[in-house]
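Data block below; observations after.
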Amino acid sequence: MKNLKMQEEIISNWKGDITKPVVSAICSAYNHESYIAEAIEGFLIQETDFPFEIIIHDDASTDKTADIIRKYETLYPKLIRAVYQTENRFSQGKRNGEILYPMSKGKYVALCDGDDYWTDPLKLQKQVVFLKNNEDYVCCFHNSIVIDGAGHILKKLLLQSAKDYSEIEMLSANAFITTHSVMFKNIIDYDYGSSLNKVPFGDVIIWHLLGYHGKAKYLGSIKNTVYRVHLGGVWSRLDKYEKFKKTLLSKTIIEEKLRSEGIKTEEVEKSISDFIVSNLKIAIYSFDYKLFFFILKNFKDRGYNFFSTSRILIVTFFAVFKQGVKYFLKL
């Protein structure tokens, strides 16, 4: 355990009613025995002039994750509320957000899973100040470094071209927001409805629903969060085929929902097209023809016709040809 401030020392800086948190920090954990302490301590180093709460959900871990959470919960009972499942919800196709978001008391919600962690003590303070002063923004986020299970750096920056996102980009599931760095206004209805329940990724649903309320802001002044890639990660464990299939399914469901609501879908159609083209280019550059034809099959299976498929292929091959010309001109 780091040289952490004790509970009363953290609370002593809070203004207003300390029983009414301004931020709810939500953490989902499963078999994160080796990592959960870093996640919790990333919450506890936060220096704020407002109260915040930490809500941790253990999804019936089979290692010592729950024991470690209980240790911190005992030391910080005014900050930490924990939920300990006896049966794993994820394996039953249930979303942890169905429990955690309704529990949150804060005006704002910040997310960080039990295998990731925050490094900036002023993260929450900076994000709250921004959202308070910019009513047209519904959420804000920042960058991350990527490490493996042993702590070795895989990427110095997860977001190579970080940017803000408009309402339509959010609605269209065309916003690449890092879950472990985000803070958003606690204003959405978490009763998703039957169509969104089919979206594989809960964070995609959140970004979509937030898009009805405002824009997303990238904040470059906050130190990088640490995102951990390991075999036990929900995203990391998927192979490239499952990642592609589930992402395409998410975008297609949201496109169908927006169309049923009478909302123009040019942005989401472009998002799907760009997603297909970028993955086809990867398959071509890596000579992975199995992936190439897998992408085309899934695109067709999602209901896209011959003309749409042909257009995608033309755009892809033109982009590859253009890139090739640029490469040879540099020789």
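Would you mind checking the tilt of helix 240-260 against the longest principal axis of the Cα atoms of the chain, expressed as 0 to 90 degrees and rounded to 10? Once rounded, the angle reads 90 degrees.
For residue 78, a cut-off of 16 angstrom between C-alpha atoms picks up these lysines, skipping any fewer than 8 places away in its own chain: 5, 15, 20, 105.
Quickly estimate the mean residue ellipticity at 222 nm for the chain, helices only: each DSSP H run with n ≥ 4 gives -39500 (n - 2.57), and the total goes over all residues, rounded to 500.
Calculated from helices alone, the mean residue ellipticity at 222 nm is -13000 deg cm²/dmol.
Take each peptide in 71-80, 88-97, count the other Cβ atoms within 10 Å of every residue, and average; sorted highest first, the result is 71-80, 88-97. Round to the nearest 10 and give me the degree value, 0 to 90, for the angle of helix 289-301's Cα axis relative to the longest principal axis of the chain. Tilt relative to the chain: about 90 degrees. Remark: the stretch 7-229 carries a charge dipole of roughly 360 debye about the Cα centre, counting +1 on each Lys and Arg Cβ and -1 on each Asp and Glu Cβ.
Above 16 Å lies some portion of the pair distances; for the stretch 102-158, what is it as a whole percent of all C-alpha pairs?
On the way: 892 of 1596 pairs.
Looking at the stretch 102-158, the distances longer than 16 Å represent 56 percent of pairs.
Principal-axis analysis of the Cα atoms of the chain puts helix 123-133 at an angle of about 70° to the longest axis. Across the cross-link table entries 243/264; 198/246; 71/126; 240/290, which are compared at the Cα atoms, the separations over 18 Å belong to 243/264; 71/126. Electrostatic tally near residue 162: other residues with Cβ closer than 15 Å to its Cβ, Lys and Arg +1, Asp and Glu -1, net +4.
Based only on the alpha carbon positions, what is the Kirkwood hydrodynamic radius of the chain, in angstrom? List each step's numbers first, then the result.
Working: mean 1/r = 0.0468 Å⁻¹.
After inverting the mean inverse Cα-Cα distance, the result is 21.4 Å.
Within the chain, antiparallel bridges make up roughly 25 percent of the DSSP beta bridges whose residues both belong there. In angstrom, the C-alpha Rg and Dmax of the stretch 39-169 are 16.4, 44.
Only the coordinates and a few stated rules stand behind these numbers; no lab work does. Please read all numbers here as calculations on a predicted model, not as lab measurements. Reconstructed Cβ throughout: ideal geometry from the backbone, glycine too, with neighbour counts over all protein chains shown.
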